[in-house]
Amino acid sequence: MDEATKVLPIHPFTDELARSGVQAAKVSIFVIFSSNSDRPKYKKTFDYLKEYNPNYELGLIEGPHDFHLTNAKEVVDIVKRYFDKYLK
């Protein structure tokens, strides 16, 4: 990982913070992850999104961390399907 992209939190990201943040979100949420990523690290947050947000979706794309650069067409296709579903 590029050290320049790391952000140090001012406060720890607790389970309660994740839950309350997800409960407060009233918008559709679409997350795209690489199938090779560290998704288990975010499992609880994804579980909260499924529980509290009826318009949450998780899209998986094969590829490395920078899959949006190496698999741009797949990213465009999956985002287009999401927009088509919710903007019609």
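What single numbered condition from (1) at pLDDT 85 or above; (2) among the hydroxyl-bearing types (S, T, Y); (3) under 21 Å from Q23 (Cβ atoms) fails to hold for Y42?
(1)
I need every pair where a residue in the stretch 74-86 that is hydrophobic (A, V, I, L, M, F, W, C) has its Cβ under 6 Å from the Cβ of a residue that is assigned to a helix (DSSP H, G or I), sequence separation at least 6 or different chains.
Note: pairs meeting the criteria are V75/H68.
Taking only the stretch 14-57 into account, find how many residues are of a type in the set (A, V, I, L, M, F, W, C) and free of Cβ contacts under 8 Å to residues at least 12 places away in the same chain.
2
The values are calculated or read from the model by the stated rules, or taken from the named source; none is laboratory data. Computed from a prediction, not measured in an experiment: that's the story for all the values here. In this analysis, Cβ positions are derived from the backbone assuming ideal geometry, glycine residues included, and neighbour counts consider all displayed protein chains.
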